[in-house]
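Asks: This is the structure I have questions about; it appears just below.
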Amino acid sequence: MDYTTLGRTGLRVSVLGLGGGGHSRLGQQTGSTEKQSITLVQRALDLGINFVDTAEAYGTEAIIGQALRGHRREGVVLSTKKTLHHQGNLATPDEVRRGLEDSLRRLGVDHVEIYHLHAVSADHYNYAREQLVPVLQQMQQQGKLRFLGITEVFASDTAHRLMARAVLDDCWDVVMVGFNILNQSARARVFAHTQHQGIGVLNMFAVRQAFSQPTKLRQIIGELVQQGLVERDAVDPENPLDFLVRQDGAQSLVDAAYRFCRAESGVHVVLSGTGNIQHLEENVAYILRPPLPAPDRQRLMETFARVDTVSGQ
């Protein structure tokens with residue numbers, strides 16, 4: 001495994017992080033037993049992954065906690081989250097405080113390295129900043145969390161309205177941002193600021209349905225062409241990204257997607273969610289391969305330069 005420093009936190013983290021959410025939720029949404037999910041987490045640790053992300057909303061904190069029992073907690077960077085908006089209501093300061101306590105109990109630890117406000121919209125940012133950050137800072141002083149984080153709702157905020165505001169404040173040590181081949185808008189709108197301020201960046205949505213389902217990819221890119229966001233002659237409508245897959249290029253579109261994100265300046269950890277050990281091992285192999293050939297990367301940057309309307313879902 002390769003490691004890097006997570007911005008100004010100083011934490012040494014694996015370049016691939018294990019995500020406890022996504023469509024799989026460590027296999028809990030795809031038929032895995034609890035024991036199988038625990039084994040998956042432990043296999044990730046064996047492969048050198050030391051960054052593990054979860055959230056109260058994912059339902060995987062207890063599984064991760066069991067996987068880390070004993071000496072396995074040492075050296076692991078734990079990241080979890082409190083959902084800001086639930087059933088029409090915003091989390092109160094007391095709910096955030098209790099949320100962290102409950103997460104610590106489920107994880108079986110006395111602190112986490114990073115605690116995020118989860119799925120924050122631009123419309124609710126002022127509330128989060130003014131009402132909830134002071135609570136996070138109090139818990140930080142109590143030693144229950146080391147660094148403050150915030151995550152965007154990339155599926156609906158593909159233009160980073162929330163994150164473009166958050167990175168201007170100095171209270172966030174880590175941010176979780178959507179970035180992938182199809183939507184690279186975070187490069188200018190987010191990463192330019194995070195690099196200047198030393199904010200750690202967790203890359204979500206590096207791989208979604210578009211990269212594993214050819215029909216979905218054709219649909220998304222066809223719509224982008226119709227909207228004038230991608231030039232018609234820049235892609236083959238039937239096989240729009242197949243130029244990446246060749247002997248001296250990528251092994252697959254998923255391989256290309258992981259390597260593209262890892263090579264992005266400003267990205268520290270690329271998150272991977274899975275419930276399958278073979279899939280996990282493949283993703284580790286992909287992230288450790290060299291960057292894509294420079295002409296391929298340049299072509300991707302030029303082709304999708306104007307896109308900020310899709311997430312890859």
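Asks: Quick one: Phe147 ticks every box in (1) open to solvent by 50 Å² or more (accessible area, probe 1.4 Å); (2) more than 16 Å from Ala188 (Cα to Cα) except a single one, so which number is it?
Replies: Every condition holds for Phe147 apart from (1).
Asks: Residues in the stretch 275-287: is at least one outside any loop (DSSP other than H, G, I, E, B), more than 28 Å from Gly200 (Cα to Cα) and not β-branched (Val, Ile, Thr)? Step through it out loud before you land on a result.
Replies: So in the stretch 275-287, the residues outside any loop (DSSP other than H, G, I, E, B) come out as 277-287.
Adding the requirement that they be more than 28 Å from Gly200 (Cα to Cα) leaves 278.
Pick out the ones that are also not β-branched (Val, Ile, Thr) and you get 278.
There is at least one residue in the stretch 275-287 that is outside any loop (DSSP other than H, G, I, E, B), more than 28 Å from Gly200 (Cα to Cα) and not β-branched (Val, Ile, Thr).
Asks: Okay, next question. Condition test on Ala186, is it open to solvent by less than 10 Å² (accessible area, probe 1.4 Å) and out of contact with any Leu (no Cβ under 6 Å at 6 or more places or on another chain)?
Replies: Details: open to solvent by less than 10 Å² (accessible area, probe 1.4 Å): yes; out of contact with any Leu (no Cβ under 6 Å at 6 or more places or on another chain): yes.
Yes; evaluated as a whole, the condition is true for this residue.
Asks: What number of residues within the stretch 54-89 are modelled with pLDDT under 90 and either hydrophobic (A, V, I, L, M, F, W, C) or out of contact with any Leu (no Cβ under 9 Å at 6 or more places or on another chain) (or both)? Write out each step before concluding.
Replies: Taking the stretch 54-89 first, the residues modelled with pLDDT under 90 are 70-72, 85-88.
From what is left, the residues that are either hydrophobic (A, V, I, L, M, F, W, C) or out of contact with any Leu (no Cβ under 9 Å at 6 or more places or on another chain) (or both) are 70-71, 85-88.
The qualifying residues number 6.
Asks: So for the stretch 249-266 (the condition being among the β-branched types (Val, Ile, Thr), part of a loop (DSSP other than H, G, I, E, B) and either under 30 Å from Leu168 (Cα atoms) or under 18 Å from the mean Cα position of the chain (by Cα) (or both)), does at least one residue qualify?
Replies: no
Asks: Residues in the stretch 289-313 that are open to solvent by 70 Å² or more (accessible area, probe 1.4 Å) and under 18 Å from Ser14 (Cα atoms): how many?
Replies: Count: 2.
Asks: What's the total number of residues in the stretch 173-204 that are of a type outside the set (A, V, I, L, M, F, W, C) and either under 18 Å from Tyr3 (Cα atoms) or under 11 Å from the mean Cα position of the chain (by Cα) (or both)? First the steps, then the outcome.
Replies: Here is the first cut: in the stretch 173-204, the ones of a type outside the set (A, V, I, L, M, F, W, C) are 173, 178, 180, 183-185, 187, 189, 193-198, 200, 203.
This time we only want the ones that are either under 18 Å from Tyr3 (Cα atoms) or under 11 Å from the mean Cα position of the chain (by Cα) (or both), so: 178, 180, 195, 198, 200, 203.
Residues meeting the conditions: 6.
Yes/no per residue for (1) touching a strand residue (DSSP E or B) at 6+ places or on another chain (Cβ under 9 Å); (2) farther than 30 Å from Gln209 by Cα; (3) open to solvent by 70 Å² or more (accessible area, probe 1.4 Å):
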site: Gly19; (1), (2), (3): yes, no, no
site: Ser32; (1), (2), (3): no, no, no
site: Ile49; (1), (2), (3): yes, no, no
site: Glu61; (1), (2), (3): yes, no, no
site: Ser79; (1), (2), (3): yes, no, no
site: His86; (1), (2), (3): no, no, yes
site: Asn89; (1), (2), (3): no, yes, yes
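Asks: Which residues, counting only those in the stretch 104-144, are more than 14 Å from Ala91 (Cβ to Cβ), open to solvent by 30 Å² or more (accessible area, probe 1.4 Å) and either of a type in the set (S, T, N, Q) or under 19 Å from the mean Cα position of the chain (by Cα) (or both)?
Replies: Asn126, Gln137, Gln138, Gln140, Gln141, Gln142
The values are calculated or read from the model by the stated rules, or taken from the named source; none is laboratory data. What you are looking at is a predicted structure, and each value in this text was computed from that prediction instead of being measured. Note that we place each Cβ from the backbone using ideal geometry, even for glycine, and neighbour counts take in every protein chain shown. Ligands, DNA and RNA are excluded from the accessible area calculation, which covers all protein heavy atoms including side chains. Shrake-Rupley method; radii C 1.70, N 1.55, O 1.52, S 1.80 Å.
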